[in-house]
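Novice: The structure is given below, and queries will be raised subsequently.
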């Protein structure tokens, strides 16, 4: 592939012979692939409310979907520079059903020769990487000829694949670097061939029609571990979730000790999680409209954080806001989320987001060895998770499984909430 001048300069600093070698797959200069930003889909931002499947507001995505059936004997070679962000990863999906297949998180990527992985060791230098996406049918002999340690295999039977890059809390839209370049190689000849044409991913499909559930009105609101479903989940993230409908005269609260997150790169390896956030989305269009992430919450490790959720249409909103501000002044770590049920949804102003809310508490790279890790819970199936979780609450309801580290929501009237806060 014809590289840009900037990438050639980077290549002179970090020669590609340690993690991967070009000796066995010489570049044919007659192959003229699009530039990296043309190869990937446009930046999909959690914050612009166009991304479905309840994303975090502080993540940017790029997707590349292609037919595996029509390119069964190809390996994709992804070359780029490590971005400057809290977390980034590659994930592959079966694009026919949205199920995660495989992936590689930032710290797992072996850097190119002469470079370091800045998600393992603090570095401000330009550090590059090479990753291969290969079909499930690849042989060990073919893998050895690629001469690369960074191999991501597609799942068996995947006919259409979707490759997604995630970057959380990047220094800018692209994490301060260019998007990585995509090249394709014939696995039989190891010669470069044109990269597959990017198709349209099903990740953009409209959600299923919203249907109220019996538990939406319940005042006791357990948080449960989400299953690995068909919603393009991050392969390195676990999610606690609850769903509820808030009425104008109600307030929902929950308190818990969040997972400590690392404050430096050197703490990444053994941290209970890399990043956490509390996100609020609507069941109507599966978009997220509000988020609070770990550094914003500003909770010291081991301390309790409190969340308060009410509607903008609550007639006692001003009093609720004052009570929360007074609690902050007294030293509590407390956050008020004011949900506007009349806010236009992704479908347009004529369809407001409504009052049925899904709350997502996500942990990226949760450490299973940590005694309070949500990864050790039992997931609940979609459909009727509250009933399912009641069959094994000690392992399926977060406050019972995780103790003080697990949230549980409680809905009360505005009057009850204010009485509690004022006494």
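What follows is calculated from the coordinates using simple rules that are stated; it is not laboratory data. Since we're looking at a predicted model, the values are computed, not measured. Cβ sites come from the backbone with ideal geometry, for glycine too, and all protein chains shown count toward neighbours.
Novice: Take the Cα coordinates of the range 194-304, assign each an equal point scatterer, and use the Debye formula without solvent to give log10 I(q)/I(0) at q = 0.15, 0.18, 0.22 Å⁻¹.
Specialist: For the range 194-304 at q = 0.15, 0.18, 0.22 Å⁻¹, log10 I(q)/I(0) is -0.90, -1.16, -1.44.
Novice: Roughly what would the spin-label model give for residue 124 and residue 140, points 7 Å off Cα along C-beta, in nm?
Specialist: Distance between the two pseudo-spin positions: 4.5 nm.
Novice: Which percent of Cα pairs goes in each bin when the distances of the range 5-204 are cut into 10 angstrom slices starting at zero?
Specialist: P(r) over the range 5-204, rounded to whole percents: 9, 37, 39, 15, 1.
Novice: When all C-alpha to C-alpha distances in the range 33-101 are sorted into bins of 5 Å, what percent of pairs does each bin hold, rounded to whole numbers?
Specialist: Whole-percent P(r) values from 0 Å outward: 3, 11, 20, 27, 22, 12, 5, 1.
Novice: While we're here: For 277, 414, 123, 144, what ranking results if the residue with the fewest other Cβ atoms within 10 Å of its Cβ goes first?
Specialist: Starting with the residue having the fewest Cβ neighbours, the order is 144, 123, 414, 277.
Novice: Another one. Have a look at 156, 167, 96 and tell me which one the Gaussian network model of the chain (Cα, springs below 10 Å) gives the largest fluctuation.
Specialist: 156
Novice: Kindly put 204, 40, 370, 214 in sequence by how many other C-beta atoms sit within 10 Å of each C-beta, fewest to most. Working shown, then result.
Specialist: Working: 204 14, 40 22, 370 18, 214 9.
Fewest-to-most Cβ neighbours within 10 Å comes out as 214, 204, 370, 40.
Novice: Under the 0.36 nm per residue contour assumption, what length would be gained going from the current alpha-carbon distance of residue 404 and residue 391 to full extension? Kindly include the intermediate steps, with their values, before the conclusion.
Specialist: Numbers: separation 13, 0.36 × 13 = 4.68 nm, distance 2.14 nm.
Computed gain between residue 404 and residue 391 is 2.5 nm.
Novice: Now, a different point. Testing the spin-label approximation: label points 7 Å from Cα along Cα→Cβ at residue 318 and residue 217. State their distance in nm.
Specialist: Here the modelled spin labels are 3.2 nm apart.
Novice: Related question: Would you calculate the separation in nanometres between label points at residue 298 and residue 189, each defined as 7 Å from the Cα along the Cα-to-beta-carbon direction?
Specialist: Result: 6.1 nm between the two label points.
Novice: Applying 1/(1 + (r/R0)^6) with R0 = 51 Å to the Cβ-Cβ distance of residue 72 and residue 210, what FRET efficiency is obtained, to the nearest 0.05?
Specialist: Working: r = 39 Å, r/R0 = 0.76.
Approximately 0.85, to the nearest 0.05.
Novice: Exposure proxy check: 307, 82 ranked by fewest other beta carbons within 10 Å? List each step's numbers first, then the result.
Specialist: On the way: 307 22, 82 25.
So the ranking, lowest neighbour count to highest, is 307, 82.
Novice: Using a Gaussian network for the chain with springs between C-alpha atoms less than 10 Å apart, which of these wobbles most: 38, 63, 99?
Specialist: Among 38, 63, 99, the largest mean-square fluctuation in the Gaussian network model of the chain belongs to 38.
Novice: Pull out the extension gain between residue 47 and residue 263, defined as 0.36 nm times the separation in residues minus the alpha carbon to alpha carbon distance; nm, one decimal.
Specialist: 75.4 nm
Novice: I'd like the projected area of the range 237-352, averaged over all directions, using the convex hull of its alpha carbons. Report it in nm² with one decimal. Kindly include the intermediate steps, with their values, before the conclusion.
Specialist: On the way: hull surface 34.1 nm².
If you wrap the Cα atoms of the range 237-352 in a convex hull and average its projections, you get 8.5 nm².
Novice: Something else about it: Mind jotting down the distance between the C-alpha centroids of the range 363-423 and the range 209-261, whole Å?
Specialist: Each part's Cα centre sits 9 Å from the other's.
Novice: Among 124, 264, 65, which one shows the highest mean-square fluctuation when the chain is modelled as a Gaussian network with alpha-carbon springs under 10 Å?
Specialist: Comparing 124, 264, 65 in the GNM, the peak value goes to 124.
Novice: Return the Rg/Rh value of the range 214-422, two decimal places, where both radii are evaluated on C-alpha atoms and Rh is the Kirkwood radius.
Specialist: With Rh from the inverse mean 1/r over Cα pairs, Rg/Rh is 0.95.
Novice: Here's something else I'd like to know. Relative contact order of the chain, please, whole-number percent, based on alpha carbon pairs below 8 angstrom and at least 6 residues apart.
Specialist: Averaging sequence separation for qualifying contacts and normalising by length gives 19 percent for the chain.
Novice: Kindly state, as a whole number, the per residue volume in cubic angstrom of the convex hull around the alpha carbon atoms of the chain.
Specialist: Convex hull of Cα atoms, per residue: 148 Å³.
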